[in-house]
Amino acid sequence: QDASLFAPLRATDGSLLGILSVDEPLSGRRPSGDEIDVLVAVSEHAALAVQSAQEDARAKANRDALEQLLQVSNRLNERLDAQAMLTRVCGAISEVLGFQKVAVQLLGDDGHHRTAAAAGFALGENLGAAMTADELDRILQPAYEVAGCFLIEHDEARALLPDRPAGYRSKHDGRG
């Protein structure tokens, strides 16, 4: 009788890391309860090894990213005008953190936030209309705060600012 035997590789939080798939035992018989118990134990150890390796890789990537950002930060003390400094910051965020498009908008004397520097945008690409301080206050609500940043769905932003003209819209929208 054909059968398949799979043992899930689960992280310590219960999330699925992968599957351990085995063929029939050399005996050609259905695995015994003891054999299955050993397979489960091995899969649990394999899951811990996979999770540890993934965490190590993430930690290394974070250390590397922080080191690159620190290098940029150290260079910010150089005598640069604000435009050059902000452009350097946008470029570093794009390169180190992997964001395709980055823009810094600053509040002007007229009460509007305008793009002061950007990275990843083509020349003349629509960065969006200048946002007023009041408009920004309406979308920077605690409900949208995630670890010090604000993440808001397009439809929700449109509902909060229905009269605002359409601006730049992500081509990937979280699916890139």
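Of the listed requirements (1) modelled with pLDDT of 85 or more; (2) within 29 Å of residue 163 (Cα to Cα), residue 91 misses just one: (2). Listed by position, the strands (runs of 3 or more DSSP E) inside segment 1-108 whose residues that are over 30 Å from residue 128 (Cα atoms), hydrophobic (A, V, I, L, M, F, W, C) and open to solvent by less than 70 Å² (accessible area, probe 1.4 Å) number at least 2 are 5-10, 16-22. Does segment 129-146 hold any residues that are of a type in the set (Val, Ile, Thr), surrounded by fewer than 16 Cβ atoms within 10 Å (Cβ to Cβ) and either over 27 Å from residue 65 (Cβ atoms) or in contact with a His (Cβ under 9 Å, 6 or more places away or on another chain) (or both), and which are they? Residue satisfying the conditions is 139 alone. Kindly indicate the residue of segment 157-168 that is in contact (Cβ under 8 Å) with a residue 12 or more places away in the chain and part of a helix (DSSP H, G or I) and also farthest from residue 103 (Cα to Cα) among those meeting that condition. Per the criteria, the residue is 160. Could you grab me the full set of residues in segment 119-128 that are open to solvent by less than 40 Å² (accessible area, probe 1.4 Å) and on the phi < 0 side of the Ramachandran plot? Scanning segment 119-128 gives a single hit, 119.
Considering (1) under 26 Å from the mean Cα position of the chain (by Cα); (2) on the phi > 0 side of the Ramachandran plot, the lone condition that residue 11 does not fulfil carries the number (2).
The values are calculated or read from the model by the stated rules, or taken from the named source; none is laboratory data. What you see is a predicted model; the values in this text were computed from it and never measured. Cβ sites come from the backbone with ideal geometry, for glycine too, and all protein chains shown count toward neighbours. Each accessible area value is taken on the protein alone, full model and side chains, heavy atoms only, with ligands, DNA and RNA left out. Shrake-Rupley method; radii C 1.70, N 1.55, O 1.52, S 1.80 Å.
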